[in-house]
1. Distance in nm between label sites at Q1 and N90, each 7 Å beyond Cα in the beta-carbon direction?
2. Scan the chain and hand back the longest stretch that contains none of the trypsin sites (Lys or Arg not before Pro) lying in DSSP loops with at most 14 other Cβ atoms within 10 Å.
3. Provide, for q = 0.24, 0.33 Å⁻¹, the log10 of I(q)/I(0) from a solvent-free Debye sum over equal Cα point scatterers in the stretch 50-93.
4. Percent of accessible area on the chain owned by carbon and sulfur, 1.4 Å probe?
5. Averaged over all directions, how much area does the convex hull of the C-alpha atoms of the chain cover when projected, in nm²?
6. Considering the options G42, A100, T113, tell which one lies farthest towards the positive end of the dipole of the chain, charges being +1 on Lys and Arg and -1 on Asp and Glu at the Cβ, about the Cα centre.
7. What number comes out for accessible area per residue over the stretch 9-129 if the probe is 1.4 Å? Units Å², please.
8. Within the stretch 1-107, which chymotrypsin sites (Phe, Trp or Tyr not before Pro) sit in a loop by DSSP and count at most 14 neighbouring Cβ atoms inside 10 Å?
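The values are calculated or read from the model by the stated rules, or taken from the named source; none is laboratory data. Note that the structure is a prediction, hence the values are computed from the model and not measured. Note that we place each Cβ from the backbone using ideal geometry, even for glycine, and neighbour counts take in every protein chain shown. For the accessible areas, the whole protein counts, side chains as well, though only heavy atoms, and no ligand, DNA or RNA atoms are used. Shrake-Rupley method; radii C 1.70, N 1.55, O 1.52, S 1.80 Å.
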Amino acid sequence: QVHLVESGGGLVQAGGSLRLSCVASGRTFKWSVMGWFRQAPGQERAYVAAITPNDGMTEYADYADSVKGRFIISRDNAKNTVYLQMNSLNPEDTAVYYCATTGTYGNRIYYSTHEYDYWGQGTQVTVSS
């Protein structure tokens, strides 16, 4: 019932930046935990970042160790959109990036794929050396 559409992927050189966007349908967006995952060829889908609802200015963002200091997750409830700003990209960041949501209220960071009920189609990020 919840639809997520990612965009913003592409081909960049190492050290470059990309900003991914994920637009969500539905009126539950502002109460939902939003996450970003990525999946490289032959690998399992891995956690990248997540952000909690921001009602009352209590929004909390979390990042995998591999992207801390380089990626920034944010959300714009007015646009039903979550973003992933990716800086200092390296070839290890090459993957299909997926946004996901719990679809319902959440008050903590969820790290596992099975904790998210809805997924976007993915957007390819390729970082060349």
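1. Modelled inter-label distance: 4.3 nm.
2. Values: sites that count: R27, K68, R108.
Counting at most 14 other Cβ atoms within 10 Å as exposed, the longest clean stretch of the chain is 28-67.
3. Once normalised to I(0) and log-transformed, intensities are -0.87, -1.23.
4. Its accessible area is 49 percent carbon and sulfur atoms.
5. Orientation-averaged projected area of the Cα hull: 7.2 nm².
6. A100
7. Details: 6060 Å² over 121 residues.
Result: 50 Å² of accessible area for each residue.
8. On the way: sites: F29, W31, W36, F37, Y47, Y60, Y63, F71, Y83, Y97, Y98, Y105; in loops: Y60.
Hits after loop and neighbour filter: Y60.
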